[in-house]
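Input: a single structure, listed below in structure tokens.
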Amino acid sequence: NNASDPWSSWNVGKSGNWDNGNAVDSWATKPESAAGQRNSASNNWETAAAFGHPQAYQGPAAADDDDWDDDWDDPKSTSPSYLGYKETEASEAGGVQRGNSRAAAMKLPLNKFPGFAKPGMEQYLLAKQLAKPKEKIPIIIGDYGPMWVYPTSTFDCVVADPKKGSKMYGLKSYIEYQLTCTNTNRSVNHRYKHFDWLYERLLVKFGLAIPIPSLPDKQVTGRFEEEFIKMRMERLQAWMTRMCRHPVVSESEVFQQFLNFRDEKEWKTGKRKAEKDETVGVLIFSTMEPEAPDLDMVEIEQKCDAVGRFTKAMDDGVKELLTVGQEHWKRCTGPLPKEYQKIGKALQSLALVFSTSGYQGESDLNGAITEAGKTYEEIASLVADQPKKDLHFLMETNHEYKGFLGCFPDIIGAHKGAIERVKESDKLVATSKITPQDKQNMVKRVSTMAYALQAEMNHFHSNRIYDYNSVIRLYLEQQAQFYETIAQKLRQALSRFPVM
């Protein structure tokens, strides 16, 4: 189903998607640590926890922000499909109740923000002089080409200690999470809608330069059930870890304010300031300063096309693995354990029949067959539980990258739109609509965009290598242990049979 596929209407050979007005077809999940281009500093970024649930961290609750729209507050609940990877018919196979479904629900009207409206690209390319923003984003040349400048010290953010709160005399309920930065050990409390606000601000500010992963979906029912809270906390943890590990996002004012406000007044002041920020959309490139000579237009276009080809191909590969993984999950938790259970019950039934023969010399055999049947029933339970130990992490990582890759059509579309504007500039110069100096400024600014794209791709590739090395190693280790456990149980069952 192409309704939720951001690549369905995007062609690497075409331009023009940049001025769509709606720049969010599939904003989804997770930028990760950078590695190779940072030399020895890379290890600091790779040590952050990628999987598992954090230890609960006790701390004070923060006041609720009553002037916000509420998250869903229906206390009625149904059992959430935690880890079941169930998918609606309308969405793509392989989805995990996130990513595309969230994009379809969000559809932020980004054209109401400066820089995302149709004149946004001209606003950046043709401005006589760009305003000097306070935030500067340098781009340097490292071992693997253009790269963001990584901070000397890094940090993570632990999401833990979910607590149920209420307001309006108990009529409205919500879950609040405690966030503790590892570099300050200070804690703040946030509800899901606060995360949602941060996601929107980061999306609006950086979304045409940096893929901003989306949050886990909102939930109408089952929000207060333990398994759903556990799942949401795990995914919020993964989201915050990725944000903390991005050198540009983690150092941004809005992100730092989200983590380090000291009281409700400071939180609301920072919130209003972030919402008035005008350096958003395509204007984010005005904050970037490449420490390198300008690129020529041929190289700029080649780099852009190469990114488009790779991210599209990876998107296809990730979706294929998700589809296969989803099918395997369903088999492991459905028909496959039942097959082992049938074998076990059939063996035990056979032993029961044998015991009615009255022949005294077969008691050892009958006992061994009974135990073999019980062993197969134990194996059925092992098979049903195994996906949560290995496939879960592989599916989570792939689904995050699926959403992550879904950001690139809009990013590449913006770059191609800028390239097309430069190609059209000769006609504008010939008709005296712009000056030769204006065209030179356009080329310089498109070159800045190209450096930003390359820096982000270097970050993306280093994280991709680290993530997939980690998660596939974990999958294979757990699979090996799983089959070794089964083999051990079968050997134990075998040892009970008398040797004839």
For K388, K230, K205, give me the order by solvent-accessible area with a 1.4 Å probe, most accessible first, ignoring ligands, DNA and RNA.
K388, K230, K205
With a point put 7 Å past each Cα toward its Cβ, work out how far E420 is from L476 in nm, to one decimal.
4.5
Need one value: the accessible area of H392 in square angstrom, 1.4 angstrom probe, rounded to the nearest 10.
10
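Taking the Cα centre of region 231-304 as the origin, how large is its charge dipole in debye, to the nearest 20, when only Lys and Arg (+1) and Asp and Glu (-1) carry charge on their Cβ atoms?
Dipole magnitude for region 231-304 comes out near 760 debye.
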The percentage of the accessible area of region 334-388 (probe 1.4 Å, all protein chains present) made up of carbon and sulfur atoms, to the nearest whole number, is 56
Size of the dipole of region 334-388 about the Cα centre, Lys and Arg at +1 and Asp and Glu at -1 on the beta carbon, nothing else charged, in debye to 20?
240
Which of the peptides 276-284, 340-348 is most tightly packed, and how do the rest follow, going by the mean number of other Cβ atoms within 10 Å of each residue?
276-284, 340-348
What order do I434, I140 take when sorted by accessible area (1.4 Å probe), most exposed first?
I140, I434
Accessible surface of region 267-314, 1.4 Å probe, proportion on carbon and sulfur as whole %
51
Heavy-atom accessible area per residue of region 334-388, all protein chains kept, 1.4 Å probe, expressed in Å², is 58
For region 334-388, with the dipole built from +1 on Lys and Arg beta-carbon atoms and -1 on Asp and Glu ones, taken about the Cα centre, which of S381, G358, A368 lies farthest toward the positive end?
S381
Amide H of E289 versus every other amide H placed in the peptide plane: which residues, excluding those fewer than 5 positions away on the same chain, fall under 5 Å?
I137, I139
Assuming R0 = 51 Å, what is the FRET efficiency of M500 and T323, from their Cβ-Cβ distance, to the nearest 0.05?
0.55
Ignoring ligands and nucleic acids, what accessible area does M297 show with a 1.4 Å probe (Å², nearest 10)?
50
Judged on accessible area alone, 1.4 Å probe, highest first, S363, S432 line up as S432, S363
Show me the ranking of peptides 302-314, 257-269 by mean Cβ neighbours inside 10 Å, starting with the highest.
302-314, 257-269
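Given the pairs K230/K416; K271/K303; K163/K265, which span a C-alpha to C-alpha distance of over 32 angstrom in this model?
From the list (K230/K416; K271/K303; K163/K265), the Cα-Cα distance tops 32 Å for K230/K416; K271/K303.
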Can you give the FRET efficiency for R491 and K330, using 1/(1 + (r/R0)^6), R0 = 30 Å, r = Cβ-Cβ distance, to the nearest 0.05?
0.50
Take the Cα coordinates of region 334-388, assign each an equal point scatterer, and use the Debye formula without solvent to give log10 I(q)/I(0) at q = 0.14, 0.26, 0.28, 0.29 Å⁻¹.
-0.41, -0.88, -0.96, -1.00
Can you give the accessible area of E484 in Å² (nearest 10), computed on protein heavy atoms with a 1.4 Å probe?
120
Phi to ³J(HN,Hα) by Karplus 6.51 cos²θ - 1.76 cosθ + 1.60 over region 357-374, Hz, x for Gly, Pro
5, x, 7, 6, x, 10, 4, 4, 5, 4, x, 5, 5, 4, 5, 4, x, 5
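The values are calculated or read from the model by the stated rules, or taken from the named source; none is laboratory data. Computed from a predicted structure; not experimentally measured. For neighbour counting, all protein chains shown are included, and Cβ atoms are generated from backbone atoms with ideal geometry for every residue, glycine included. Note: areas computed on protein heavy atoms with side chains; ligands, DNA, RNA excluded. Shrake-Rupley method; radii C 1.70, N 1.55, O 1.52, S 1.80 Å.
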